[in-house]
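Here's the structure we're looking at; comments come further down.
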Amino acid sequence: MAAVRRIALVGEECVACGCCERVCPRQAVAVLHGVRAKVDRARCVGCGMCAAVCPAAVIRMEERGESHA
């Protein structure tokens, strides 16, 4: 059976300001090499806080299927 969960996805237009990194309650977002934010999908709980604070509006929340064996 497949469960659906939300995860954050960061667009290529990310300006690496770090706002998303500072508000993530699970430390799932990190700005890498000052270039772009990256989301650790295993830590992301889909709360949307990062998307809400992104000044460039390049983070979107997406539903993803997750299969359980």
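The values are calculated or read from the model by the stated rules, or taken from the named source; none is laboratory data. Keep in mind that this is a model prediction, so the values were computed, not measured. Every residue, glycine among them, receives a Cβ derived from its backbone with ideal geometry; neighbour counts consider all protein chains shown. Please note that ligands, DNA and RNA were not included when accessible areas were found on the heavy atoms of the full protein model with its side chains. Shrake-Rupley method; radii C 1.70, N 1.55, O 1.52, S 1.80 Å.
Side notes on the structure shown:
- Any hit, the stretch 52-61, residues being free of Cβ contacts under 8 Å to residues at least 12 places away in the same chain, part of a loop (DSSP other than H, G, I, E, B) and open to solvent by 60 Å² or more (accessible area, probe 1.4 Å): yes
- Among residues that are exposed (fewer than 15 other Cβ atoms within 10 Å of the Cβ), at pLDDT 95 or above and of a type outside the set (S, T, N, Q), Glu21 is not included.
- Qualifying residue in the stretch 33-41 (condition: in a loop (DSSP other than H, G, I, E, B) and in contact with an Asp or Glu (Cβ under 9 Å, 6 or more places away or on another chain)): no
- The single condition among (1) surrounded by 14 or more Cβ atoms within 10 Å (Cβ to Cβ); (2) aliphatic (A, V, I, L, M); (3) at positive phi that Val45 does not satisfy is (3).
- All positions within the stretch 1-18 that are touching a Lys or Arg at 6+ places or on another chain (Cβ under 9 Å), closer than 20 Å to Glu63 by Cβ and open to solvent by 40 Å² or more (accessible area, probe 1.4 Å): Val4, Arg5, Arg6
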